[in-house]
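The values are calculated or read from the model by the stated rules, or taken from the named source; none is laboratory data. Quantities reported herein were computed from a predicted structural model and do not represent experimental measurements. We place every Cβ from the backbone using ideal geometry, glycine too, and count neighbours over all the protein chains shown.
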Amino acid sequence: MAIAEIFLTAFITVLFDQLASADLIKLAQSRGINSQLNKWKKTLTQILAVLADAGQKQIKERCVDLWLHDLQDLAYEIDDLLDDLATESLHRKLNRESHVSTDTNKVLKLIPTCCTNFTPRNIMYGRKMSSKLDEITIKLHNLAEQRNTLGLNANVNVERSNRRNRRLEETSLVDESKVLGREGDKEALLGKLLGNEACNQNVNILSIVGLGGIGKTTLAKVLYNEEKVKDHFELRAWVCVSEELDVFNISKAIFQAVGGTNQEFANLDLLHVALKEKLWKKRFLVVLDDVWNEDYREWELLQSPFAVGAPGSKIIVTTRKTKVATVMNSFQPYNLKVLSNEKALSLFAQYALDEQNFDKHPTLKWHGESIVNKCGRLPLALITLGRMLRTKTDDSKWEEVLNSEIWNLEDGNQILPALRLSYHDLPPHLKHLFAYCSVFPKDYVFDKKELVLLWMAEGFLYQSDVSKSMESLGHEYFEELKSRSFFQPSTNDQSQHIMHDLINDLATNVAGEFFFRLHDNDIYCRSESLEKCRHISLIGQAYGTFRMFKELQRARRLRTFLPVPLNLWQSFHLSDDVLVELLPQLQFLRVLSLCNHSITSVPQSIGNLKHIRYLNFSKTGIKRLPEQIGDLYNLQSLLLCGCHDLSSLSISFVKLINMRHLDISDTPKLKKMPLGIGGLTSLQTLPKVIIEGANGFRISELKGLSELQGRLSIMGLEKVINPIQAKDANLQQKKGLVDLKMIWSDSLRKLSVSRMDKVKNLGSELLAPTNSYNAIAFPSLQILEFFDMESWESWSSSIDGKDGTFRSFPCLRDISMGNCPKLVEVSIDSLPLLRVLHIGGCFEVVLRSMVGVSSSIEMLTMDNIKGLTQLHGEVLKDLGAVEDICIRDCDELRYLWESESEASKFLGRLRNLEVSDCKNLVSLGDKEVNLGISMKCIREVELLGSKTLENYNCSNSTERLEISKSPMFSSTLKFLFIQNCDNLRLFPQGWFVHLTTLKIWNCDTIETIPDKGFGFLPLFCLKCLWISSCKNLKSFPHEHLQRLTSLEELWINDCPSMDYSFPCGLWPPNLRSLRIGCLNKCMSEWGLQNYPTSLVELDLYGKNSRVVSFAEIEDVRNSDNTTSSSSFLLPRSLNSLFIRGFEDLESISEALQHLPYLKQLHIWSCPKLRDLSERTSVGPSSLTLTVYQ
């Protein structure tokens, strides 16, 4: 068939890439075969030039067909030989490195490499390769000679050879009565066509994407001829584009359709100018049928006149390729599906019987249903087969059609061109991949990852650009085939894919005799072709007979042996003896799968399969791997999943430098890793590693495995003694890991999990398995830490439903969670022994959930909690045992709790409170500022860097208070009340510049108020200052009090150590109320104080004052400025006067005569006072006098 020429062209193109590789050129030069390989390239180039002509002639000329098959067979031989050379080069390199690294062979370092090449083995290999090179050279020469004999012409281009396969040009006319099952598609597309979707452009593009023959063009015709569409659009044009997007001819066809004239244009510019005038401000519809072009520049050129159309203009594009829709900026490509069973059967009946159904032909219905299923409900296939069967009403004829291949039917070539066009359009590298899929049966469910590994093993993903992995390239190629409708998502599982039956038949058609899909006794029927067969799949044969495998030995150049089950639970039966006899005969195998086979051992002859890339022993009964596995230098994938009896791998994998996928999942008896795993830097799949002691596998060997992806379980972590080894594993840099399991023995005390950027959920991973001995996970764990888990979203666990025992963390005492910004769901079991809880960089919901897991938390740290504005009652109620609370960097926090009274109900054991850098903190309590309520249990308080703090009520139980500001800003604290703080000694200067009220009581250790900057005495804000009962206060900047212009209320009393120079007669200029006394300097010695005229209230403490009488200041000034040393001078401006504890005071009445504004006089404990009583009429008539004894 002509398809063979296309496949062979793709194959030879890949060979050219291999021949041009730097490694092969270097090897060829070192072996002296470079000139011979260059001759091969030259001959292959000449042969490649005539393949187009050979493709046309092979249909009619049997000798040309045989020539093409011989050429393809030779191409495989060349590929095998090139791989043999590369493998031998790798073998010598590895052996040389191995010898040099051993002590016994250090002497080899002194011997030149050229001399070490002359070993008996190398000499024998050189002779063998020389013979093969000569043999291939002769065959290649003979084929080149036959080319001339066959008269193959190099001037026939591919365009001419493919012309016969092009589809006929479609017109816009359609008989809608014969269109079935597209009513829903029609309505959906009409809505898009006639609607006014939001778009920035006047013209929208609507693409219909689907398989060849699925009905895209027919549906476009129905839409084009719909009366609503005709009425909606002023201009319409239909153009069949096909493979080549000829901008000039397409533009001319559109111009003729919308203009109604056949006008000639000298160039494209004149044509586009004329077309633009026709489309100007007109709402138009253009259908571009069967578009293949992926060149954005050509599309841009074609659509340049369309932009002038009126809003609502549309372009319908039909294509098999999703990429075309993307290039053309199509919005929401419409993927057309195959017909339903009912509609497909009706369509087939219409063309086969000229009836709407099979009611009149019940005997044919079963055959019809089977044919519909075989055609995969593809309209074109149903119509073609229906037309062919139109004159055949005999049951036997329909059965004959059903049991034959559609490609062998008389008129089957009507279906092939529709699908072959898609194959012709594939680039060479995709043709190989598609043809390989012929080894899989119809209805096979493809796993993309598995298929990519097989493609890679066959060498189809070879690339000179190493910037992209072969796996990534394979996934891209798969998606490209999918976008061209060669694959479809499975209806059962969107992550898996299927291939339409007709597409599967096309793959079988293009693959030719080098691919066999064997069913039952096919191997005996086709045994004559086995010698050239390269790829064999065994379909659904549970029992392989000895004779069948004996026949299989004839396929000595077999590359693929792939048993394919018909269902997920099917297994294959194969004796170990058959495998021992078979493997030595299949030395060119690249893919060997014995998955689900009943074998229990792998023969040592496996080590002779030097071309092998893919070995799959999954779900077999093997117990160990032979050491010879370690010599398979080319091995890329070794799959051992589900080998429940496997207990031993090969001792060393050091030489498996091409290994990329080692699947040892679900191998419970495997307890030891092979040597050299850490050096396999290309490994992507490694589902588990087992940490060993002594000279076994160390966790640090994971360091170089930066390409790991998917799942990884690390077992035996209790054997990691040195934490540096764990750090060297560099797990946080393994960006491809999405599932990480860490497994320890029962002795683990501390567990830290950090920087697992891909981890989203934690659940059963941290629970004991239900079938474990004691059903308890981490029975000894005391400390659990999570840090920098940027993708972590949920953490959940559960309690064993049988007896309610804890299945995890029974001894856990300390949990830290830091920088987990996406964690929003925590639902874990109660932790009865939890004492310490650190939460940072998380949401408030995490805090609420975590404090609820234990009623025994003693220390709670909250750092940068998002959404935390207050510790509500539902949090406080679980903190009855807490002794230490630390809150840092919670910028949304305004109040610690609703009120101190509420907090006191729950925080009965709180001793230490630290709040730092919460820049919006206003107060500890929301509703109560200072109602006499305080938390008497608190001993130490730190309020650091809270820039908006307005007040704080310091309880009389506080033993230590530290208040500081952030060095980056000045505090806006306005109200501060400090009481009974024994450790308070001084305030650094320059603080509290916005303070309006400061009250300090009973702080015996405070010694000084700094001079410079006045410390906590801001110049312009402070209105109220109380300093009372500070027994050791010595230094006070009283000489600067006049600068405190805002100060109105001042208390300085019971400070017996105050410097003798205070008071000195200097006071704040706007002072209104003064309470003073019990200072170091006796009050009788104060003399004239120059009180400001604003002073209206004076409260005097007279203990040890030695004052006998009071005088009025003005009286003293009017005299000779002398006064008795036992008198105290009162300012004339007073409204209220309070006199307390003057033990020596005898007279006050005379001073009262000179206080005209005095309204209230209160006297306490003045036992010698004789000239005044509550009934005495002295002073202003409005004076109220109160005397307390």
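Within the bounds of region 310-324, is there any residue that is more than 20 Å from Arg236 (Cα to Cα) and among the β-branched types (Val, Ile, Thr)? So that I can check it myself, show each step before the final result.
So the first thing to find is which residues in region 310-324 are more than 20 Å from Arg236 (Cα to Cα), and the list is 320-324.
If we keep only those that are among the β-branched types (Val, Ile, Thr) too, we end up with 322, 324.
Yes, that holds for at least one residue.
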Fill in the blank from the handout: Residue count, region 221-259, condition under 17 Å from Thr171 (Cβ atoms), at pLDDT below 90 and in a loop (DSSP other than H, G, I, E, B), comes to 0
Practice task
Report, by residue number, each residue of region 363-380 that is more than 18 Å from Lys397 (Cβ to Cβ) and of a type in the set (A, V, I, L, M).
Solution key: Leu378, Leu380
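Considering only region 1132-1142, state which residues are in a loop (DSSP other than H, G, I, E, B), out of contact with any Lys or Arg (no Cβ under 7 Å at 6 or more places or on another chain) and of a type outside the set (A, V, I, L, M). Steps first, please.
Of the residues in region 1132-1142, the ones in a loop (DSSP other than H, G, I, E, B) are 1132-1135, 1141-1142.
Remaining after also requiring out of contact with any Lys or Arg (no Cβ under 7 Å at 6 or more places or on another chain): 1132-1134, 1142.
Arg1132, Ser1133, Phe1142 - these are the residues of region 1132-1142 that are in a loop (DSSP other than H, G, I, E, B), out of contact with any Lys or Arg (no Cβ under 7 Å at 6 or more places or on another chain) and of a type outside the set (A, V, I, L, M).
Evaluate the following for Ser1125: is it surrounded by fewer than 17 Cβ atoms within 10 Å (Cβ to Cβ) and either over 25 Å from Ile1052 (Cβ atoms) or at pLDDT 90 or above (or both)?
Numbers: surrounded by fewer than 17 Cβ atoms within 10 Å (Cβ to Cβ): yes; either over 25 Å from Ile1052 (Cβ atoms) or at pLDDT 90 or above (or both): no.
So Ser1125 fails the test.
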Practice task
For region 59-66, state whether one or more residues are in contact with a Ser or Thr (Cβ under 8 Å, 6 or more places away or on another chain), surrounded by 13 or more Cβ atoms within 10 Å (Cβ to Cβ) and not in a loop (DSSP other than H, G, I, E, B).
Solution key: no
Practice task
Could you tell me which numbered condition Tyr1060 fails, if it satisfies all but one of (1) farther than 21 Å from Ile1009 by Cβ; (2) among the hydroxyl-bearing types (Ser, Thr, Tyr); (3) free of Cβ contacts under 8 Å to residues at least 24 places away in the same chain?
Solution key: (1)
Exercise for the section: Hey, can you tell me all the residues within region 612-629 that are under 35 Å from the mean Cα position of the chain (by Cα) and not in a strand (DSSP E or B)? Expected result: Ile612, Arg613, Phe617, Ser618, Lys619, Thr620
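I'd like to know if region 63-81 contains one or more residues that are more than 26 Å from Glu513 (Cβ to Cβ) and either aliphatic (A, V, I, L, M) or modelled with pLDDT of 65 or more (or both).
As a first pass, look at region 63-81 and keep what is more than 26 Å from Glu513 (Cβ to Cβ): none.
There is no residue in region 63-81 that is more than 26 Å from Glu513 (Cβ to Cβ) and either aliphatic (A, V, I, L, M) or modelled with pLDDT of 65 or more (or both).
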Problem - Hits in region 439-483 (condition: modelled with pLDDT under 90 and closer than 20 Å to Thr13 by Cβ) - result: Gly459, Phe460, Leu461, Tyr462, Gln463, Ser464, Asp465, Val466, Lys468, Glu480, Leu481
Fill in the blank from the handout: Listed by first then second residue, the pairs whose first member lies in region 378-389 and is outside the structural domain of Phe486 (by TED's automatic domain parsing), whose partner is of a type in the set (S, T, N, Q), with beta carbons under 6 Å and at least 6 positions apart or on separate chains, are Thr384/Gln414
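Take the residues in region 1147-1158 that are assigned to a loop (DSSP other than H, G, I, E, B) and buried (at least 16 other Cβ atoms within 10 Å of the Cβ); name whichever of them is modelled with the lowest pLDDT.
To start, the set of residues in region 1147-1158 that are assigned to a loop (DSSP other than H, G, I, E, B) comprises 1148, 1153-1158.
Next, from what is left, pick out any that are buried (at least 16 other Cβ atoms within 10 Å of the Cβ): 1148, 1154-1155, 1158.
Details: Ile1148: 89, His1154: 86, Leu1155: 91, Leu1158: 93.
Taking the candidates together, the pick is His1154.
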Completion exercise
In region 280-331, anything free of Cβ contacts under 8 Å to residues at least 24 places away in the same chain and either of a type in the set (Asp, Glu) or closer than 21 Å to Tyr224 by Cα (or both) is listed as Glu300
Exercise for the section: Taking Ile815 as the residue in question, decide whether it is modelled with pLDDT of 95 or more, on the phi < 0 side of the Ramachandran plot and surrounded by 16 or more Cβ atoms within 10 Å (Cβ to Cβ). Expected result: yes
Practice task
Could you please let me know if Gln587 is surrounded by fewer than 17 Cβ atoms within 10 Å (Cβ to Cβ) and modelled with pLDDT under 95?
Solution key: no
Handout entry: Subset tally (residues that are crowded, with 21+ Cβ neighbours inside 10 Å and over 39 Å from the mean Cα position of the chain (by Cα)) for region 306-347
Key = 5
Exercise for the section: Give region 684-705 a look and list any residue that's within 19 Å of Ser637 (Cβ to Cβ) and touching a Lys or Arg at 6+ places or on another chain (Cβ under 6 Å), or say none. Expected result: Gln684, Pro687
Practice task
For Lys281, work out the one condition from (1) in a helix (DSSP H, G or I); (2) surrounded by fewer than 19 Cβ atoms within 10 Å (Cβ to Cβ) it doesn't fulfil.
Solution key: (1)
Fill in the blank from the handout: Condition set β-branched (Val, Ile, Thr) and over 19 Å from Ile677 (Cα atoms), scope region 613-655, selection modelled with the highest pLDDT: answer is Ile622
Completion exercise
Those residues of region 36-58 which are over 50 Å from the mean Cα position of the chain (by Cα) and buried (at least 17 other Cβ atoms within 10 Å of the Cβ) amount to Val50, Asp53, Ala54, Gln56, Lys57, Gln58
Problem - Total residues in region 207-235, condition of a type outside the set (S, T, N, Q) and closer than 26 Å to Leu502 by Cβ - result: 14
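Kindly indicate which of Phe1036, Phe1020 is at pLDDT below 75 and under 27 Å from Leu1129 (Cα atoms).
Phe1036
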Handout entry: Residues within region 665-688 that are under 19 Å from Ser618 (Cβ atoms) and either part of a strand (DSSP E or B) or hydroxyl-bearing (Ser, Thr, Tyr) (or both), tallied
Key = 4
Problem - Ile664 being crowded, with 16+ Cβ neighbours inside 10 Å, of a type in the set (A, V, I, L, M), free of Cβ contacts under 8 Å to residues at least 40 places away in the same chain and touching a Gly at 6+ places or on another chain (Cβ under 6 Å) - result: no
Exercise for the section: Please work out which one of (1) free of Cβ contacts under 8 Å to residues at least 40 places away in the same chain; (2) closer than 16 Å to Ile315 by Cα is the condition Cys240 fails and give its number. Expected result: (1)
